[in-house]
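Would you mind keeping the following structure in view while I ask a few things?
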Amino acid sequence: VGPDGVRSFDLDMQSGTSDLGHGPDTETWGVNGSYLGPTIRAKRGEKVRMNVSNRLGVTSTLHWHGMHLPAAMDGGPHQLVEPGTTWSPQWTVDQPAATLWYHPHMHGETADHVYRGIAGMFLIDDANGPALPDRYGVDDIPVIVQDKKFNGESLDASSAIFNDTGVLGDEIMVNGTPGPYLDVTTERVRLRLLNASNARVYNFGFSDDQDFQLIGTDGGLLAKPVAMQNLRLSPGARAEIVVALSPDTTTVLRSTPPDLGAGFWNDRFAGGADSFDILQLRAASTLASNAVVPEILSTLPDLGDPTVTRRFDLTSSTSLNNKSMDTNRIDEVVTVGTTEVWEVHNSSGQVHNFHVHDVQFQVLDTDDPSLAGRKDTVYIAPNETRRLLMRFTDFTDPSMPYMFHCHLLRHEDQGLMGQFVVV
Ligand code: C2O
Ligand code: CU
């Protein structure tokens, strides 16, 4: 923290080599290292500055996914970081405790830059939160889930014929580690799940169909924990879960075929038939007691009554409302202080999700407990419509847009994206 009261973080985007289980020389990218990046932590109310240096040799950006902040600090396609330069956005963290993340948002190149390895978690802490397992690396564990393919020693970004969803890997990495396990030393463990995969949707659960408690989603803690056995998580989305273990047992976090709602063949082409072991949890013979999940976790905000409804159609894997992304076109103009409903339909017959920058929304008309909290990314099956309630509270800038898009990164790069300004 400098004399100006701002906490600074130095983030160097760089290339290097990593051992991802296929020899030591796999060419990868990372932040402050050769693959993925450090977990950034900041407190609610804190002023932060990110010094983002680009040593990749190509232009990129770094976006703070899920963060409420001015559009010029957002790290989207308009905040280019040229090779050899440093970009230093600054803002005040002003939102509840949450598991957010960061990744490049270079239009047309996002899928490539993320696949090579640029991504990391951004945790927001709130001193007034409930007691939860919170010892980072002990009972509070980041779980960045990515599927990868290899061609010899190299990362392989190609996708199968008929697959229009983007690269689907046949190997799972957690935090850049193949075949991962965790030695658990406490009675329960909190897993912060981040789907940082380019295209794959997971359906998380445990090997013995053990219950877990869902405590948080994209933008923070739920009002109350929900016991569940399976949780669908699409690319870009996060979930915090707590699982209880018995001494001397092994439990496997796994992903079983997700219901993508696209029909037999489309589901298969989008990875809907695949199962994976994600992370083995090996409980020690004595487990230390730790925080039990409380019955009340947070108070969800009252976003007020909507005065504006906007309709969006995911019309193909390259277009939204039949238009392909144009960085010079503003698609929507939002008035600050309004509450809106964004009604998003998927008429494309393909698998998509929908992500909105700047806000956390509430998904209306659903009793799915995994959609009950603060969300910024939501799965939308073919023919499905989701109504999203959101409020634009501040940060006007008529000349700098925020993005909304599908978070299957190939689709985003191909133009399934639009821009809005808040005025
Ligand atoms: Cu995680 Cu617009 O992105
Ligand atoms: Cu899509």
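Look through segment 353-401, keep the residues that are touching a Pro at 6+ places or on another chain (Cβ under 7 Å) and under 23 Å from HIS78 (Cα atoms), and return whichever of them is least open to solvent (accessible area, probe 1.4 Å).
The residue in question is ASN353.
Please state which one of PRO247, PRO235 is surrounded by 24 or more Cβ atoms within 10 Å (Cβ to Cβ) and outside any strand (DSSP E or B).
On inspection, the qualifying residue turns out to be PRO235.
So that you can scan it fast, the table gives a plain yes or no per residue for (1) more than 22 Å from ASP218 (Cα to Cα); (2) not assigned by TED's automatic domain parsing to the domain that holds LEU36:
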| position | (1), (2) |
| --- | --- |
| GLY108 | yes, no |
| ASP112 | yes, no |
| TYR115 | no, no |
| PRO133 | no, yes |
| LYS148 | yes, yes |
| GLY152 | yes, yes |
| LEU155 | yes, yes |
| SER158 | yes, yes |
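So is HIS345 assigned to a strand (DSSP E or B), more than 15 Å from ligand 1 (Cβ to nearest atom) and not assigned by TED's automatic domain parsing to the domain that holds TRP265 or not?
Yes; evaluated as a whole, the condition is true for this residue.
Here is a further query. Quick check on my filter: what residues within segment 14-33 are assigned to a loop (DSSP other than H, G, I, E, B) and crowded, with 20+ Cβ neighbours inside 10 Å?
LEU20
Still on this model: Test of understanding: among LEU20, LEU69, LEU11, LEU62, which residue is more than 14 Å from ligand 1 (Cβ to nearest atom), within 20 Å of the chain's Cα centre (by Cα), outside the structural domain of ASP397 (by TED's automatic domain parsing) and not acidic (Asp, Glu)?
So the residue among LEU20, LEU69, LEU11, LEU62 that is more than 14 Å from ligand 1 (Cβ to nearest atom), within 20 Å of the chain's Cα centre (by Cα), outside the structural domain of ASP397 (by TED's automatic domain parsing) and not acidic (Asp, Glu) is LEU11.
Checking PRO96 against (1) under 28 Å from ILE172 (Cβ atoms); (2) open to solvent by 10 Å² or more (accessible area, probe 1.4 Å); (3) not basic (Lys, Arg), which test does it fail?
(1)
So for segment 404-416 (the condition being touching a residue at least 40 places away in the same chain (Cβ under 8 Å) and away from ligand 2 (no atom under 16 Å from the Cβ)), does at least one residue qualify?
No: segment 404-416 contains no residue that is touching a residue at least 40 places away in the same chain (Cβ under 8 Å) and away from ligand 2 (no atom under 16 Å from the Cβ).
Quick one: what pairs do we get from segment 29-55, first residue among the basic types (Lys, Arg), second open to solvent by 50 Å² or more (accessible area, probe 1.4 Å), C-beta under 6 Å, 6+ apart or different chains?
Within 6 Å, the pairs are LYS47/THR92; ARG49/SER8; ARG49/SER88; ARG49/GLN90.
Here's the yes/no breakdown for (1) crowded, with 21+ Cβ neighbours inside 10 Å; (2) in a strand (DSSP E or B):
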residue	(1), (2)
ALA72	no, no
GLY76	yes, no
HIS105	yes, no
ASP112	no, no
PHE122	yes, yes
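Of the conditions (1) more than 25 Å from ASP134 (Cα to Cα); (2) modelled with pLDDT under 95, ASN198 fails just one. Which one is it?
(2)
Mind listing whichever residues of segment 34-67 are open to solvent by less than 30 Å² (accessible area, probe 1.4 Å) and outside any strand (DSSP E or B)?
GLY37, LEU56, THR61, LEU62, GLY66, MET67
The values are calculated or read from the model by the stated rules, or taken from the named source; none is laboratory data. Since the model is a prediction, treat every value here as computed from it, not as a measurement. Neighbour counts run over all protein chains shown; Cβ positions are idealised from the backbone, glycine included. Areas reflect the complete protein model, heavy atoms only, side chains present, ligands, DNA and RNA absent. Shrake-Rupley method; radii C 1.70, N 1.55, O 1.52, S 1.80 Å.
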